[in-house]
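Let me begin by presenting the structure, written as structure tokens, before commenting on it.
The values are calculated or read from the model by the stated rules, or taken from the named source; none is laboratory data. Here the structure is a predicted model, which means the values were calculated and not measured. Here Cβ is always computed from backbone atoms with ideal geometry, including for glycine, and neighbour counts include all displayed protein chains.
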């Protein structure tokens, strides 16, 4: 019976192993997430594995041939086991991850801002100003913020990386 299993790969080899499995006729899934990192106060985006050094493979380990092929594929470190038996993963886990991923298999960041949340601008001309989220993040990743400046309300659109949520005391 075919099930999903978790494999540990050698560091930063998830893509290579996934490609090798697909070439060999196995169904493999390695979810990625859009990651943000800062270099000199500038936000940069990259895609990174959701589970670094791990991926999922769909196969039947009852067949010795499949077990051998998976275990000895270049880049595979080990099959995740319990008491020397591979642990099957629920199909629902994979379905949930796939449903949240886009066509390229990249999971988009969940909406971290809601209408009415208080925020602080992190950089730019409006740095350190306090505002309120007017609209949640649309597809292009911009938030609409309402800033109150000396009895004047100003609406601005900022990228979600330029603002931070204030903690409610």
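Structural remarks
- Of all residues in region 42-57, those satisfying the criterion of being in contact with a helix residue (DSSP H, G or I) (Cβ under 8 Å, 6 or more places away or on another chain) and either surrounded by 15 or more Cβ atoms within 10 Å (Cβ to Cβ) or modelled with pLDDT of 90 or more (or both) are 49, 50, 52, 53, 54, 55, 56, 57.
- Members of region 71-107 found to be touching a strand residue (DSSP E or B) at 6+ places or on another chain (Cβ under 6 Å) and over 16 Å from residue 55 (Cβ atoms), listed by number: 100
- Hey, residue 108 exposed (fewer than 13 other Cβ atoms within 10 Å of the Cβ) and at pLDDT below 90 or not: no
- Flag if residue 46 is assigned to a strand (DSSP E or B), under 30 Å from residue 133 (Cα atoms) and within 18 Å of the chain's Cα centre (by Cα): yes
- Selection within region 78-94: residues that are touching a residue at least 24 places away in the same chain (Cβ under 8 Å) and in a loop (DSSP other than H, G, I, E, B). The member of this set that is nearest to the chain's Cα centre (by Cα) is 90.
- In region 1-41, residue modelled with the lowest pLDDT [restricted to those that are surrounded by fewer than 11 Cβ atoms within 10 Å (Cβ to Cβ) and not in a strand (DSSP E or B)]: 41
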